[in-house]
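Everything below concerns the one structure shown next.
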Amino acid sequence: MAELLRTHPLEAWSTAFERLPDTVGITVEPFVAMVDVRLRAVGAEASAALGVDLPTAPNTWVPSGSGRAVWLGPDEWLLSSTTETPEELEARVRAGVLPLGGSATDVSAQRIGLRLTGARVRDVLAKGCSIDLHPRVFGRGSSAQTTLGQAGVVLLAQSDAGDDHVVLVRSSFAGYLADWLLDAALEFTTTN
């Protein structure tokens, strides 16, 4: 029996991304396990059960083991892990939040991650994103649910210099966003 090979939806864009200059780098993040967590009471008990202090400030994220914990709403977070399978992460998180009246749902196939790095990344993002991305406002640990181009995304600031961001986009919009980013970066690919 032939084994099916797992390919990334943005594999066809890899060569185009590699051709971009260092001032606007785009790389596709590998698949990661992701779980949507709903939980009303956040405190020491939830932190102990999950092994992470969930961010309670709106529009923030924190490192969480091998992944991230992203605030999505007053009672909603997105947890990710690069070392656990989706089933393992969901089972672990569900076991922690169920006794607290919460829920955990595997959403691993829902979003694709793109890492944008370089000195001109904010300029590229500003072409299709209406939020203020200046590092004094949107520094490391900041997140936003916004639109980029016309795709809904979760944007995560990875540095205080504004030169490193992760964009989480729904899988069905990944190709559109990849094309949009390449077009937005076009003016920065030529040397003057």
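A short reminder: the numbers here are calculations on the coordinates, not readings from a lab. Computed from a predicted structure; not experimentally measured. In this analysis, Cβ positions are derived from the backbone assuming ideal geometry, glycine residues included, and neighbour counts consider all displayed protein chains.
Cα centroids of the stretch 19-93 and the stretch 134-192: how far apart, whole angstrom?
18 Å
Read phi for every residue in the stretch 152-159 and hand back ³J(HN,Hα) as whole Hz from Karplus 6.51 cos²θ - 1.76 cosθ + 1.60, θ = phi - 60°, with x for Gly and Pro.
x, 9, 10, 10, 10, 7, 9, 9
Over the chain, with a Gaussian network built from C-alpha contacts below 10 Å, which listed residue (112, 131, 26) shows the highest mean-square fluctuation?
131
Specify the angular offset, from 0 to 90 degrees and rounded to the nearest 10, of the alpha carbon long axis of helix 86-97 from the longest principal axis of the alpha carbons in the chain.
50 degrees
Quick one: putting +1 on the C-beta of Lys and Arg, -1 on the C-beta of Asp and Glu, what dipole do you get for the stretch 33-106 around its Cα centre, in Debye to the nearest 20? Can you show the working numbers first?
Values: 5 positive and 10 negative charges, 33 e Å.
With only Lys, Arg, Asp and Glu charged at Cβ, the dipole is about 160 debye.
Relative contact order (percent) for the stretch 33-106, with alpha-carbon contacts under 8 angstrom and 6 or more residues of separation?
Working: 151 pairs, mean separation 30.6, N = 74.
41 percent.
Among 117, 177, 131, whose Cα lies farthest out toward the positive end of the dipole of the chain, if unit charges sit on the beta carbon of Lys, Arg (+1) and Asp, Glu (-1)?
Of the listed residues, the answer is 131.
How high is the relative contact order of the chain, in percent, with contacts defined as C-alpha pairs under 8 Å that are six or more residues apart?
Dividing the mean separation by the residue count of the chain yields 23 percent.
With the Cα gyration tensor of the chain giving a ≥ b ≥ c as the square roots of its eigenvalues, does the rule (a/c under 1.5 for rounded; else a/b larger than b/c for prolate; else oblate) give rounded, prolate or oblate?
It comes out oblate by the Cα gyration axes.
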